[in-house]
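The values are calculated or read from the model by the stated rules, or taken from the named source; none is laboratory data. Quick caveat: nothing in here was measured; it's all calculated off a predicted structure. Cβ placement follows ideal geometry from the backbone for every residue including glycine, while neighbour counts extend to all protein chains displayed. For the accessible areas, the whole protein counts, side chains as well, though only heavy atoms, and no ligand, DNA or RNA atoms are used. Shrake-Rupley method; radii C 1.70, N 1.55, O 1.52, S 1.80 Å.
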Amino acid sequence: MTTLLTAAAMAGWVDAVVGGGGLLLLPALLVAAPGLPVATALGTNKLAAIFDTSTAAVTYARRTKVDWAVAGPSAGLAVVTAGLGAALAGAVPAGAYRPVVLVVLVSVAVFVLCRPRLGVVAQPARRTRGRVVVAVAVAGLGIALYDGLIGPGTGTFLVLAFTALVGADFVHGSAMAKVVNAGTNLGALVVFGATGHVWWLLGAGMAVCNVAGAALGARMALRRGSGFVRVVLLVVVVALVAKLGHDQWLAG
């Protein structure tokens, strides 16, 4: 239990800064409870995650400007789409989880490394009407569906989508990502809860630690700026690729 609560606090911090906290907490859940169905692990993770993403979203909204024209519609779509993904989550083979996330994370690392200026400074010229529509569709449909189906890494993918598509810097991209991620967590949690795939007491305990970590992480990101967020993003992605690659090698 102590290990899970510590992992929850760390996941909350990481999630608030760059997203991807689920990649810490979900494996911790599966290790702590061998044989736990993937859908139940996802549902319990969502209970904890909705508190940390909501805390981070409120912290960002109080201290920086959120682009609600992008974040609002994305979050609204995300509630429905993530719920649909959660309804289909039971159909995803457990063995497919690690390879899919590993491939996506490697792609993220290569993308960020090849574009060193991405997200460091805002590029408002990119925020055209067409790009806003594409960003809403990518975040509210594509990434939200992934969050309901698989989940881990969603916040990271949202940050990258908003920086690459509408030219937000990493801090403002993180602010929008938290709003949308709160929506995906809500939609998925409703479905997982309705189908009995949530350990409520365990999830509530992890949520307390998640909130503490998220509040600290959001404040640090706002104080230290986009350069700090980019460094944390790369460190987290590389560490997770190494961890998942090692686990996949052992499983193979």
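Structure summary
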item	result
Qualifying residue in the stretch 223-233 (condition: aliphatic (A, V, I, L, M), in contact with a helix residue (DSSP H, G or I) (Cβ under 9 Å, 6 or more places away or on another chain) and over 22 Å from A135 (Cβ atoms))	yes
In the stretch 122-173, the residues that are closer than 23 Å to G21 by Cα and assigned to a loop (DSSP other than H, G, I, E, B)	I150, G151, P152, G153, A168, D169
Evaluation of G167 against (1) surrounded by fewer than 23 Cβ atoms within 10 Å (Cβ to Cβ); (2) at negative phi (one fails), failing number	(2)
Residue selected from the stretch 49-99 under the condition aromatic (F, W, Y) and open to solvent by 50 Å² or more (accessible area, probe 1.4 Å), by the criterion modelled with the highest pLDDT	W68
Residue in the stretch 187-199 that is assigned to a helix (DSSP H, G or I), crowded, with 18+ Cβ neighbours inside 10 Å, at pLDDT 90 or above and among the aromatic types (F, W, Y) present	yes
Count - residues of the stretch 1-41 that are touching a Pro at 6+ places or on another chain (Cβ under 7 Å) and more than 20 Å from V232 (Cα to Cα)	0
Residue count for the stretch 1-60, restricted to those that are free of Cβ contacts under 8 Å to residues at least 12 places away in the same chain and assigned to a helix (DSSP H, G or I)	4
Tabulated pairs, the stretch 200-228, first over 12 Å from G21 (Cα atoms), second surrounded by fewer than 24 Cβ atoms within 10 Å (Cβ to Cβ) and charged (D, E, K, R), C-beta under 7 angstrom, 6+ apart or interchain	L222/R63; S226/D169
Residue tally, condition over 16 Å from the mean Cα position of the chain (by Cα) and crowded, with 20+ Cβ neighbours inside 10 Å, over the stretch 223-241	1
Number of positions in the stretch 107-142 that are among the hydrophobic types (A, V, I, L, M, F, W, C), open to solvent by 50 Å² or more (accessible area, probe 1.4 Å) and under 26 Å from V79 (Cβ atoms)	4
Unmet requirement for V101, which otherwise passes all of (1) of a type in the set (V, I, T); (2) in contact (Cβ under 8 Å) with a residue 24 or more places away in the chain; (3) more than 24 Å from L141 (Cα to Cα)	(3)
Residues satisfying the stated conditions in the stretch 27-39, i.e. in contact with a helix residue (DSSP H, G or I) (Cβ under 9 Å, 6 or more places away or on another chain) and open to solvent by 10 Å² or more (accessible area, probe 1.4 Å)	P27, A28, L30, V31, A32, A33, L36, P37, V38, A39
